[in-house]
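Asks: Below is a structure I'd like to ask you about.
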Amino acid sequence: MKSQISLLLENVKRTNPLIHHITNYVTANDCANIVLAIGGSPVMADDFDEVEEMVSVASALVINIGTLNSRTIDSMILAGKKANALNIPVILDPVGVKATKLRTHTVNKLLDEVKFSIIRGNMSEIKAIAGLESNIKGVDSNDTVNGSEDIAKTLALDLKCVIAITGAKDIISNGRKTTIIENGHPLLSKITGTGCMSTSLIGTFSSVTNDYYLASIAGILSMGIAGEMAYDSLDKKDALGTFRVSIIDSISALTSKDILEKSNLEEKYC
Amino acid sequence: MKSQISLLLENVKRTNPLIHHITNYVTANDCANIVLAIGGSPVMADDFDEVEEMVSVASALVINIGTLNSRTIDSMILAGKKANALNIPVILDPVGVKATKLRTHTVNKLLDEVKFSIIRGNMSEIKAIAGLESNIKGVDSNDTVNGSEDIAKTLALDLKCVIAITGAKDIISNGRKTTIIENGHPLLSKITGTGCMSTSLIGTFSSVTNDYYLASIAGILSMGIAGEMAYDSLDKKDALGTFRVSIIDSISALTSKDILEKSNLEEKYC
Amino acid sequence: MKSQISLLLENVKRTNPLIHHITNYVTANDCANIVLAIGGSPVMADDFDEVEEMVSVASALVINIGTLNSRTIDSMILAGKKANALNIPVILDPVGVKATKLRTHTVNKLLDEVKFSIIRGNMSEIKAIAGLESNIKGVDSNDTVNGSEDIAKTLALDLKCVIAITGAKDIISNGRKTTIIENGHPLLSKITGTGCMSTSLIGTFSSVTNDYYLASIAGILSMGIAGEMAYDSLDKKDALGTFRVSIIDSISALTSKDILEKSNLEEKYC
């Protein structure tokens, strides 16, 4: 699997895929820079009158509901349907779902009207989508990971898409296979946008393969390894500003060799 | 007072309070990262249909009018009223008030309909709210600080809230007590968002105490000390990009000891 | 010409001009910080009800369509007309024009209703405005520079404004004179916002002179030299996060001496 992921990384760098985002204004800059750093080309466009055209020239669509509003929700649905019609993968980041009814309704509507290839969230967000009780506070998660592999697997089968849960351990499942990733660093949860950036990386990898399970692993693994490299590079281990800069540095420096040598993952078959 | 502020810092780190922001798209990322760096948990959400719910699970609400528009103004008022009903502190950053009628009218409307715990602005913004002549240009201030202590005190009594004026010297007053802070560095005015971030820090501190005067001092003091630490850490003293990164580094490294040793403040009783 | 540009730089630092932006939420923070770093004062304001007043106190208006929407398009036109009436220079960054009909129609409408002093784009964007075939993908350009000097010159005469094309070589023309700049570094295309920031720098320089051709050269040259200085400062040459920070460092450290010594430009008369 590591060599397949290395190959995806090379394909991204070779093909420079265009990744259309309808996303939030808090981390849009981070998402654009992480896509560029891995080798893709980001575009953020959210007006109802242009998203169909924009997604038509893109290789993947990332929908992130971080700062959703009535105007952009309509654009998300329209762009998602168009991407479906063109067989362009659509990735959902259901930021803070269940924190408010608007987020819950929006995610439900998106799931009804758009076929997603991949959904990436934290444990609370994925549990909310699965209809399970969760302990959500704002847009960050306080949930434990008990039974999380089963949740990912069941929801993947139910929604017929890849489910990626990020946390201390990351869990990626397509319903038949599940991969656990133990890369990353706790400091990743202390800067904004690492979840959103993981989703953008997943979107970038999904544009160069039909194996969305592998693309999801590749995206989360890249962020995890970058988090470790960034932490290792810190002189002062509590320097969150420098850590944030180093994550972009680490993604732009990430090589196939890093993937092969630093990956800490385990695959399980159901 | 320094030991009380140290205690607030520890309480923030221990309780990880959720700080709801309705804010601008220029510095939203900076505000999110500074809240995380000090130990809080930020959430930015501005749709009319979700702000009441979001603020209900938050410990403080920060309203920043930096890039206000008709849609978000309504959300600010709705969220503010809900926060009032739930006794959640509301902090106002009246960015560029009086630069345009829209900003002036919005601040007047907010003051009419929402009870603010704290207002933080530069001298021009606070003078504008106080109905005094000011010399505002865009969203930055060119005003002198003559009589600024009296202005802060009078406005605090008038609006029954804490008034925090940031500048070369910072002035915080609740009408009965006034504190002057002389921490900080002139370079703080050469990067965008330091005012907004100060307000976000104030919001974070206000969520762990009922003493909003102390919370305001704590927020501004933290930014001031961080500015000094960031400046001291610079190899090249005119490196504004590195300075910006170092501010986040300094806030994430800020300890009770720093508060005790580096604070340069003076309290006056009326 | 280099000494004239040095003089503009000094004038910016001396007068601290206010630069009004109606721009996108992806790079707004970068644009604000680059304007501050060069010595200007940025303001971002996009509500229809305030843009006329805001632009009235500004020294230049930058219109960037990166994340345009129906609400902000109306604001762009209104602000542009007001700036025209007040003889305040207006600079257009036609991000991704021709990628979607909305962008093409918006640029056409802006060109119909607003008199621009300067338009800065990549080769694809400028070709699109000139009505020539281009090879646009999203908001980034893949175009070659064959005949680009003629395109710049012809469009400058046609639109009666300065045309600035940025790329491996930068071409700036007012129809009578054309300057080619060979400063810069390929890494500038690997982080988001360098185009937007160039436009913001042009806007800043345009506020201290009536020679918009010179202002355009000054803005692009500053970014090019800053890119070289930032690249030279890198320990790890693929560190895109650090490179981004160093660009702001380099702009804030940029001196007249740098302009005089590092400029690599050639002027041609038609």
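The values are calculated or read from the model by the stated rules, or taken from the named source; none is laboratory data. Computed from a predicted model, the values in this text were never measured in an experiment. Virtual Cβ from ideal backbone geometry, glycine too; neighbours counted across all protein chains shown. We work out accessible area using only protein heavy atoms, side chains counted, and drop any ligands, DNA or RNA first. Shrake-Rupley method; radii C 1.70, N 1.55, O 1.52, S 1.80 Å.
Asks: Would you check if B:Ser124 is open to solvent by less than 10 Å² (accessible area, probe 1.4 Å), in contact with a Ser or Thr (Cβ under 9 Å, 6 or more places away or on another chain) and farther than 24 Å from A:Tyr25 by Cα? Give the steps one after another, and end with the answer.
Replies: Details: open to solvent by less than 10 Å² (accessible area, probe 1.4 Å): yes; in contact with a Ser or Thr (Cβ under 9 Å, 6 or more places away or on another chain): yes; farther than 24 Å from A:Tyr25 by Cα: yes.
In short, yes.
Asks: Helices (runs of 4 or more DSSP H) wholly in the stretch B:211-270 with at least 2 residues that are surrounded by 20 or more Cβ atoms within 10 Å (Cβ to Cβ), within 14 Å of chain A (Cβ to nearest Cβ) and free of Cβ contacts under 8 Å to residues at least 24 places away in the same chain - which ones?
Replies: The qualifying helices (runs of 4 or more DSSP H) are B:240-253.
Asks: Which number in (1) out of contact with any helix residue (DSSP H, G or I) (no Cβ under 9 Å at 6 or more places or on another chain); (2) surrounded by 24 or more Cβ atoms within 10 Å (Cβ to Cβ) marks the one condition that C:Val57 misses?
Replies: Unmet for C:Val57, out of (1) out of contact with any helix residue (DSSP H, G or I) (no Cβ under 9 Å at 6 or more places or on another chain); (2) surrounded by 24 or more Cβ atoms within 10 Å (Cβ to Cβ): (2).
Asks: Of all the residues that make up the stretch A:6-32, how many are more than 9 Å from chain C (Cβ to nearest Cβ) and either out of contact with any strand residue (DSSP E or B) (no Cβ under 9 Å at 6 or more places or on another chain) or surrounded by fewer than 16 Cβ atoms within 10 Å (Cβ to Cβ) (or both)?
Replies: Going through the stretch A:6-32 one residue at a time, the tally reaches 11.
Listed here are the residues, each with its yes/no results for (1) farther than 21 Å from A:Ser56 by Cα; (2) away from chain B (no Cβ under 14 Å); (3) open to solvent by less than 10 Å² (accessible area, probe 1.4 Å); (4) not aliphatic (A, V, I, L, M).
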position	(1), (2), (3), (4)
C:Glu53	yes, no, no, yes
C:Ala83	yes, yes, yes, no
C:Lys109	yes, yes, no, yes
C:Ser117	yes, yes, no, yes
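Asks: Does the stretch C:168-185 hold any residues that are assigned to a loop (DSSP other than H, G, I, E, B) and touching a strand residue (DSSP E or B) at 6+ places or on another chain (Cβ under 6 Å), and which are they? Even if it seems obvious, please write down each step before you answer.
Replies: Here is the first cut: in the stretch C:168-185, the residues assigned to a loop (DSSP other than H, G, I, E, B) are C:168-169, C:174-176, C:182-185.
Hits for the stretch C:168-185 are C:Lys169, C:Asn174.
Asks: Exactly one of these conditions fails for C:Lys137: (1) modelled with pLDDT under 90; (2) of a type in the set (Lys, Arg); (3) closer than 20 Å to C:Ile22 by Cα. Give me its number.
Replies: Result: C:Lys137 fails condition (3) only.
Asks: Condition check: facing another protein chain (nearest Cβ under 7 Å) and of a type in the set (S, T, N, Q). Does A:Thr100 satisfy that? Don't jump to the end; show me each part of the working.
Replies: On the way: facing another protein chain (nearest Cβ under 7 Å): yes; of a type in the set (S, T, N, Q): yes.
Taking the combined requirement at face value, the residue satisfies it.
Asks: Also, I was wondering about something else. Pick out the one residue from C:Ile65, C:Ile77 that is open to solvent by 10 Å² or more (accessible area, probe 1.4 Å) and more than 9 Å from every other protein chain (Cβ to nearest Cβ). It would help to see each step written out before you state the result.
Replies: Numbers: C:Ile65 fails: open to solvent by 10 Å² or more (accessible area, probe 1.4 Å).
Residue meeting the stated conditions: C:Ile77.
Asks: Pairs only if they're at least six apart or on different chains, beta carbon under 9 angstrom, first in the stretch A:135-158 and open to solvent by 30 Å² or more (accessible area, probe 1.4 Å), second modelled with pLDDT under 90 and acidic (Asp, Glu); list them, first residue then second.
Replies: A:Asn135/A:Asp143; A:Ile136/A:Asp143
Asks: Name every residue in the stretch A:6-43 that is at positive phi and among the small types (Gly, Ala, Ser), in order of residue number. Before the answer, list the steps.
Replies: Quick first cut of the stretch A:6-43, residues at positive phi only: A:16, A:39.
Selection gives A:Gly39 alone.
Asks: Moving on. Within the stretch B:85-106, can you find the residues that are within 28 Å of C:Val57 (Cα to Cα), touching a strand residue (DSSP E or B) at 6+ places or on another chain (Cβ under 7 Å) and surrounded by fewer than 24 Cβ atoms within 10 Å (Cβ to Cβ)?
Replies: Passing the criteria: B:Lys98, B:Thr104.
Asks: Only one of these is aliphatic (A, V, I, L, M) and under 18 Å from B:Asp238 (Cβ atoms): C:Ile251, C:Ile217. Name it.
Replies: Working: C:Ile217 fails: under 18 Å from B:Asp238 (Cβ atoms).
Selected residue: C:Ile251, the only one of C:Ile251, C:Ile217 that is aliphatic (A, V, I, L, M) and under 18 Å from B:Asp238 (Cβ atoms).
Asks: To continue, here is another question. What pairs can you find where one residue is in the stretch A:65-93 and free of Cβ contacts under 8 Å to residues at least 12 places away in the same chain, the other is buried (at least 19 other Cβ atoms within 10 Å of the Cβ), and their Cβ atoms are less than 6 Å apart, with a gap of 6+ or different chains?
Replies: A:Asn69/B:Asp47
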